[in-house]
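Heads up: the structure comes next, in structure tokens.
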Amino acid sequence: MTFDWLTDPHILWLAGYWCFYFALHSLLASHAVKRRVMACCPRLAPRYRLLYTLVATVLLLPALYLLYTTPGPWLWRWDGVAGWIADALALAALVGFVHSARAYDMASFLGVRPSEPIVTPERAEPLRFSASHRWVRHPWYFYGLILLWTRDMNAAMFVTAVLATGYIILGTWLEERKLVAELGEAYREYRRQVPALIPLPWKRLKKQGLSEPARPGRR
């Protein structure tokens, strides 16, 4: 296997754009930016989540265009039994996405319902946990990793998967800091019981703990 595609201008453009997108995504989700918006544009603050969602969606389109118009060479493909297993895992991840969405107020998550950009421990509302949240604190990130790495890999998809995986790891760390600041000891206790990204059979939240007021990870 040769790696000439690493210097392909189209692949470099794709990698650069993903880096820009992920950096902006984290910046706009930070408390520092949210506080600035709350201070200078208080009337806009309740709609910040909607604006954030719209910006993230619109800016995602160029990345997807680059991904699918400059694929580069195939690096590997899941064939035969491996292909069936990869597709089964991807399907299970999609089901997990839908099922774990029950733990979120999707209207607030997407910004359709106005809400304050920053939650404090005193104002935090107890949220339901899905079964996935018993095993991993950030199930959407976990399922996203499965979807990424069960696909056939051409150069563009591989670069996307590597950068997205790095962003998920870094984003989880940043998200954890925000959640501790927002929810305090309730989230610290949840964090002690459940791993962040990779489920561990010996470390999970017991059923009687599902009503604890810890907020599942969100961006």
Report task. For I146, state whether it is of a type in the set (V, I, T), surrounded by 14 or more Cβ atoms within 10 Å (Cβ to Cβ) and at pLDDT 95 or above. Result -> yes
Report task. For segment 95-112, state whether one or more residues are exposed (fewer than 14 other Cβ atoms within 10 Å of the Cβ) and farther than 28 Å from L27 by Cα. Result -> yes
Query raised in the report: Of the conditions (1) over 18 Å from the mean Cα position of the chain (by Cα); (2) touching a residue at least 40 places away in the same chain (Cβ under 8 Å); (3) within 27 Å of M106 (Cβ to Cβ), A88 fails just one. Which one is it?
Result: (2)
Query raised in the report: Identify, please: which residue in segment 1-28 is of a type in the set (S, T, N, Q) and at pLDDT below 90 and is, among those, surrounded by the fewest Cβ atoms within 10 Å (Cβ to Cβ)?
Result: T2
**Report entry** Scope segment 58-77; condition under 18 Å from L163 (Cβ atoms) and among the aliphatic types (A, V, I, L, M); matching residues
**Finding:** L59, L60, L61, A63, L64, L66, L67, L75
Report summary line: The lone condition H10 fails out of (1) closer than 26 Å to A181 by Cβ; (2) assigned to a helix (DSSP H, G or I); (3) of a type outside the set (D, E) is (1)
**Report entry** Every pair of residues 6+ apart whose Cβ atoms lie under 6 Å, when the first sits in segment 96-108 and is more than 10 Å from W140 (Cα to Cα) while the second is modelled with pLDDT under 80 and surrounded by fewer than 16 Cβ atoms within 10 Å (Cβ to Cβ)
**Finding:** A103/R128
Query raised in the report: Here is a list of conditions, (1) touching a residue at least 12 places away in the same chain (Cβ under 8 Å); (2) more than 28 Å from E176 (Cβ to Cβ); (3) of a type in the set (K, R), and R43 meets all of them except one; can you say which number that is?
Result: (1)
Query raised in the report: Going by the conditions given, is L67 hydrophobic (A, V, I, L, M, F, W, C) and surrounded by 17 or more Cβ atoms within 10 Å (Cβ to Cβ)?
Result: yes
Query raised in the report: Is it the case that some residue within segment 159-173 is closer than 19 Å to G16 by Cβ, surrounded by fewer than 20 Cβ atoms within 10 Å (Cβ to Cβ) and touching a strand residue (DSSP E or B) at 6+ places or on another chain (Cβ under 8 Å)?
Result: yes
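The values are calculated or read from the model by the stated rules, or taken from the named source; none is laboratory data. Treat the numbers as computed from the prediction; the structure is a model and nothing was measured. Here Cβ is always computed from backbone atoms with ideal geometry, including for glycine, and neighbour counts include all displayed protein chains.
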